[in-house]
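The values are calculated or read from the model by the stated rules, or taken from the named source; none is laboratory data. Model, not experiment: these values are computed from the prediction. Here the Cβ is made from the backbone with ideal geometry for all residues, glycine too, and neighbour counts use every protein chain on show.
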């Protein structure tokens, strides 16, 4: 789901799982981090690794794992611990999994993190100026708020309560889904990924999203992801309820996933 639309009302993420060891808040660092955007809805944050940096990472709430460029892995002399396949637009390739020590964003720190190191010929998967992508293996350790209007990421102490509407997140395959009950005309709930790494709404065909009231778009939409590029049917969602907010006439891409693919929502 498009991060910038949810960002208009704020995005609170509450830790649910703990796949890696977090050290908690570092009082020598600020609990608030300003983030940059080169395009609408994008969240780019400064990341320190082993005391070095900052390196610019895309904060991606829709990604289950952290990814770093081959260049950064070389600079850090990151130690390979395994190999794992990753999907690309031309098929599956093997990538190194490396261990990163002491990963920190503001006051949030994780002692050790396993990350996928992109091969040299896959450097185009990351936009220019980015050294990596920060996924849920780091983010799920902490409570935080993304404030898109103020371009601010705020880390919170455990149990700290924020004012405003809260939406329950549920873990699914290493990432989180949010269930959004819709109005009586739809009589349904939709499960979407709050994805800060996306700059547009994507609806997967064959699930609850097909019950949303939509109008056909005028032209196909171009969809580009880490796993490939392509076109998709464009639609206009008449109304999408997110908590107490109603988003109207939302442009979206309707994607038909391959058979057997985990749609998740």
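Would a scan of region 222-237 turn up a residue that is exposed (fewer than 12 other Cβ atoms within 10 Å of the Cβ), modelled with pLDDT under 90 and on the phi > 0 side of the Ramachandran plot?
Checking region 222-237: not a single residue is exposed (fewer than 12 other Cβ atoms within 10 Å of the Cβ), modelled with pLDDT under 90 and on the phi > 0 side of the Ramachandran plot.
Suppose we filter 133, 100 for residues that are out of contact with any helix residue (DSSP H, G or I) (no Cβ under 6 Å at 6 or more places or on another chain), modelled with pLDDT of 95 or more and crowded, with 22+ Cβ neighbours inside 10 Å; which single one remains?
Answer to the check: 100.
Of the residues 110, 14, which single one is within 13 Å of residue 139 (Cβ to Cβ) and modelled with pLDDT under 95?
14
If I go through region 170-190 residue by residue, how many of them are at pLDDT 85 or above, buried (at least 18 other Cβ atoms within 10 Å of the Cβ) and either within 17 Å of residue 64 (Cβ to Cβ) or in contact with a helix residue (DSSP H, G or I) (Cβ under 6 Å, 6 or more places away or on another chain) (or both)?
Residues that pass the stated criteria total 4.
May I ask you to say which residue of 164, 206, 135, 200 is within 13 Å of the chain's Cα centre (by Cα) and not assigned by TED's automatic domain parsing to the domain that holds residue 44?
Result: 200 is the single residue among 164, 206, 135, 200 that is within 13 Å of the chain's Cα centre (by Cα) and not assigned by TED's automatic domain parsing to the domain that holds residue 44.
Quick check on this structure: which one of 127, 60 is buried (at least 17 other Cβ atoms within 10 Å of the Cβ) and within 29 Å of residue 191 (Cα to Cα)?
60
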